[in-house]
Amino acid sequence: MANLVRWEPFNDLISLREAMDRLFEESIVRPRSGWLAPAEGALSVDMYETDDAVVVKSAIPGVDPDDLEISITGDVLTIKGETKAEEDVEEENYIYRERRYGSFCRSLAIPIPVVADEAEAEFENGVLTLRLPKAEEVKAKSIKVKAK
């Protein structure tokens, strides 16, 4: 004798809603990757402003500073480079392989006019620090008030 199962269409709707909630929570509330995180292969950066410069920092471990190419064209900063894979480990011997290898490139707009010719770059402990001096017209100027 065959068992009959009654079809409840609302049960399917509830499971669809649960799936949509899970998708929303994983992509918006806790983004591991996706549209809120930098694109795959993109470089994560911090950019902040001081009184006289724009500072850009990025962690780029395992890269030789001589392999970095940094340029400023107009108001766009571009950082390019490549991380090389270790050649002495056979592919089948890996248990985990999560580090990213290959070329990377990141271009970002600099929201404040800077003097590109006076930019300074330092690379220490795998962290690239760029100091981009502000152009004179955007630096804060103090005006002395004279009493009469």
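So who's got an amide H within less than 5 Å of the one on residue 54, skipping anything under 5 residues away but keeping other chains? H placed 1.01 Å off N, in plane. Under 5 Å from the amide H of residue 54 lie the amide H atoms of 132, 134, each far enough along the sequence or on another chain.
Among 94-104, 119-129, 75-85, sorting by the average number of other beta carbon atoms lying within 10 angstrom of each residue, highest first, gives 75-85, 119-129, 94-104.
Rounded to the nearest whole Hz, the Karplus-based 3J(HN,Hα) values (6.51 cos²θ - 1.76 cosθ + 1.60, θ = phi - 60°) of segment 60-67 follow the sequence 10, x, x, 10, 6, x, 5, 8, with x at glycine and proline.
A short reminder: the numbers here are calculations on the coordinates, not readings from a lab. Just so we're clear, the structure is a prediction, and the values are computed from it rather than from any experiment. Here the Cβ is made from the backbone with ideal geometry for all residues, glycine too, and neighbour counts use every protein chain on show.
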